[in-house]
Every structure is written in C-alpha cells, then in structure tokens.
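Data block below; observations after.
The values are calculated or read from the model by the stated rules, or taken from the named source; none is laboratory data. Not measured: the values here are computed from a predicted model. Here the Cβ is made from the backbone with ideal geometry for all residues, glycine too, and neighbour counts use every protein chain on show. SASA here: full protein model, heavy atoms, side chains in, ligands and nucleic acids out. Shrake-Rupley method; radii C 1.70, N 1.55, O 1.52, S 1.80 Å.
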Amino acid sequence: LRPEPHRPPPRPELAVRTRHVALVPDGARATPGLLRRMRDALEATSDATIRVVAVPVGSVRPRCLSLEVDVKAWTARYGHADLDPDPAVDLCGALDESPAVLLLRTRDLFSLPFPLTLPLVTSLSLQASLRGWRLLLLPDAFPQAPRPPLTPHDLWKAQTSLEQRRRALMERFHLKLELLPDGRQRWHGCSKATPRCFPTIRSQTPQYLLAGRWTPPCCLRALRLTAGRVVAELEAAGVRYWLEGGSLLGAVRLGDIIPWDYDVDLGLYREDVPKCRWLAAVLGSGRPVEDPEGFVWEKAAEGDFFRVHFSRSNRLHVDLWPFYARPGGVMTKDTWLGHRQDVEFPERFLVPLVPVAFAGVTAKAPNDARAFLELKFGPGAVERPEYPNPEVRRL
C-alpha cells in the first residue's frame, strides 16, 4: 500500500473483490465465525446509518462515544454516547483508540477520501461522523496474541508514535481543536512558537472564508489573549481607549470576537499614547518591543497607528488607532485605510466611556454603541451580520 517511485500508485480499491472489508489491527487472533457474525449483523440491520461493525481486540473494550465534527469551526466534539442500560450491542458515533476490528462494505470504505489513513479508528470515526454514519459495537471480542511486557521506553515510543499520527491526521483533516468527553481540550493549531494558520489577508477576506470556514479556534484564542494583554496594560496606564469597528460589533452581539474576524481594533486618544510604557518604548526607540509575556508592540508599517502581535512568530494582532479631537468636537485620525467603517465621529460617544464584556475581559466602549456602529456601518449593522467584504464573499 505504500507508494514507491518505480511502481504505479497503489489502488487497493481495485484489488478488493469481496463485498466486505475487515480492517484488523496487529496482534488480533482469529475466532471461528466471528467475522461472519459481524458481516451478518451489518447486513441484517434496517438502520441505514449503521455502516461499520466493530469488535474489540483483547480484554479492553473501546469506549462508545458521540462525535460532532464542526467543519466551519475546525473542531471535533466528543461526548459520552447515550447507551441502553442492558444492550446486546452499542450504537456509537465514534470509538476511542483501543484496538478493534472494523468491518465495512467495500463500497462504503472506498467512498471515503481517506479510507486507510492512520490512526485508523479515529480517521474512520471522523469521516463517518461527517456522513451521518454510526458504528455497531458487538459484545464479542477477538483474543490478542500474547506479547512480552513492554518496557517503559517501548510504551513511550508507542505513545509518541500515536500522538504524531494523530497530529498528522488532524492537520490533514484541517481540525485544530478536539473537545474530549472529560472536558479536556487537545489543540492542533498555531501557538506562540508557530506562525498563524492563514496567509496574508486580501480584500479584507481571509483565505479560510473563501474555503467556507470561520477563524480557526487557535487563532481566536491567540486574539483573545492578545486583546486581554493590551486591555490590561492600557487600563493600568490610565489610557482612554475603546473598542472599534468589528471588535465593537462582536462585543455588542456576542461579548466576544466575531467568529470570522482576524484581528482586534481599539481606538485611543493620541495624547494618551505616551502613558503606556510599551507604546512609549516603541516611540522612543523606533523599533518593536517584546514585553515579558512575549507580546510584540510596534509601529505599524502601513501608517500612523500601532500593532501588538501575539508573538514574534505568530502575527495575530490587535491594532491601536490614535484619534484626536479637531475643532467642533469631531474625532479624527491621520491614517485611513479605506475600510467602510473608517469615518470621523462626534467625541460625545466617548464621554463617558462605558464597560462592556469582550473576549473574556471587561473593556471600554462608546456610551451609545448601537448609534456608534450604525454611524460607521449603516442602519441595522448589529442585527444583520456580514463578512468584511461582501463583494468577495457573503455570509
């Protein structure tokens, strides 16, 4: 099955001539008639959603789980399956990684885009969930061949190999987060040590929107952490700031970042900039400054505003826009990037500023957020969500 440069590409679907296929892990020993009983159980069911029959290998029975794969949110959510108190069989959305023999119809297996990708049970569970398939877990078991006890080093190697395969699988399936039944989270996306998950934004439209997805959850987590850091520093320094643009829209609608947004925008009074020690350091040195928590503060190359990055490697960021009042009590700034919300506004929206929940912290916002947003985005902006550039991609 492994591709080799001097041979044609392997096509196992052309070599399998039987109606059914059994996928058998190493170490499983044959039991007379059990494969036939698995086949009969699959063919006897009247439930069209049951496409896989599973039987454990050895004494450890796999856990029967529920599974929901949210493609738009790059997330797989596992839960505890609702089981009958005294079942002859279990109906599962997924199984954990305990060894099991899986039996499918040949046409079903090879209709999957990744029929034999490892780790096999996880791979088939994810693809089955996306198609509304379920797994029938029988009470029987295949015996496992006796093995010498594994050394601690062998156990570590096996666990490391499984983790590497799982990470490769999640990257291939474009899943960034697994939510486990016990409440734990397994992250597979970007971090402070890696670049962000998407390339340069073009026409205010990130690549993931074009692919029918929203912001990867690891990127949203990084934006929340960066926003929390910036808000805490501005609050401590007594800087007058407020949520701007799409960030204020997210706060009013959700108390959080909009699920498809790719940065956070804050406005602040230009005369307050030197109060923040990191902004003052940027102004004084003319170079980016990295704070003790690894966030990078810098002057933006595009104009007269500041940018705070999640890290040197990961350029997810918060933009800080210095505004000042011109005669007549109108707030303006020196850099305009041509976004539709880039307009001047009366200073009365900022006197006073009011607290609002945003991305896990309490931030400051204009005192009449709805009127402020309708001035910037037009009537009904709060009730009618839309992507940043509807001419390229609509919600």
Is it the case, given these coordinates, that Leu67 is within 21 Å of Leu118 (Cβ to Cβ), surrounded by fewer than 18 Cβ atoms within 10 Å (Cβ to Cβ) and at pLDDT 95 or above?
no
Out of the stretch 154-203, which residues are surrounded by 18 or more Cβ atoms within 10 Å (Cβ to Cβ), in contact (Cβ under 8 Å) with a residue 40 or more places away in the chain and part of a loop (DSSP other than H, G, I, E, B)?
Leu175, Lys176, Gly189, Cys190, Arg196, Phe198
Only one residue in Leu279, Leu234, Leu266 is within 26 Å of Arg202 (Cα to Cα) and either in the same structural domain as Ala325 (by the TED database) or without any contact (Cβ under 8 Å) to a residue 40 or more places away in the chain (or both), so which one is that?
Leu266
Hits in the stretch 342-395 - residues which are among the basic types (Lys, Arg) and closer than 19 Å to Arg253 by Cα
Lys364, Arg370, Lys376, Arg384, Arg394
Which numbered condition in (1) outside the structural domain of Gly93 (by the TED database); (2) under 30 Å from Pro217 (Cβ atoms) is the only one that Arg63 fails?
(1)
Kindly list the number of the only condition in (1) surrounded by fewer than 21 Cβ atoms within 10 Å (Cβ to Cβ); (2) closer than 16 Å to Ala359 by Cα; (3) of a type outside the set (Asp, Glu) that fails for Gly286.
(2)
Qualifying positions in the stretch 25-63 - among the small types (Gly, Ala, Ser) and either under 24 Å from Pro146 (Cβ atoms) or not in a loop (DSSP other than H, G, I, E, B) (or both):
Gly27, Ala28, Ala30, Gly33, Ala41, Ala44, Ala54, Gly58, Ser59
Scan the stretch 78-96 and give yes if some residue there is within 20 Å of the chain's Cα centre (by Cα) and either open to solvent by 30 Å² or more (accessible area, probe 1.4 Å) or on the phi > 0 side of the Ramachandran plot (or both), otherwise no.
yes
Among the residues of the stretch 51-64, the number that are open to solvent by 10 Å² or more (accessible area, probe 1.4 Å) and within 20 Å of Leu112 (Cβ to Cβ) is 1
Of the listed residues (Ser98, Ser111), the one being closer than 25 Å to Met170 by Cβ, in contact (Cβ under 8 Å) with a residue 12 or more places away in the chain, hydroxyl-bearing (Ser, Thr, Tyr) and not in a strand (DSSP E or B) is Ser98
Tally time: how many residues in the stretch 295-314 are under 18 Å from Thr194 (Cα atoms), out of contact with any helix residue (DSSP H, G or I) (no Cβ under 9 Å at 6 or more places or on another chain) and open to solvent by less than 10 Å² (accessible area, probe 1.4 Å)?
1
Would you pick out the residues in the stretch 221-250 that are outside any loop (DSSP other than H, G, I, E, B), open to solvent by 10 Å² or more (accessible area, probe 1.4 Å) and farther than 18 Å from Arg307 by Cβ?
Arg221, Glu235, Ala236, Leu249
Looking only at the stretch 270-283, count how many residues are open to solvent by less than 10 Å² (accessible area, probe 1.4 Å) and closer than 25 Å to Val354 by Cα.
4
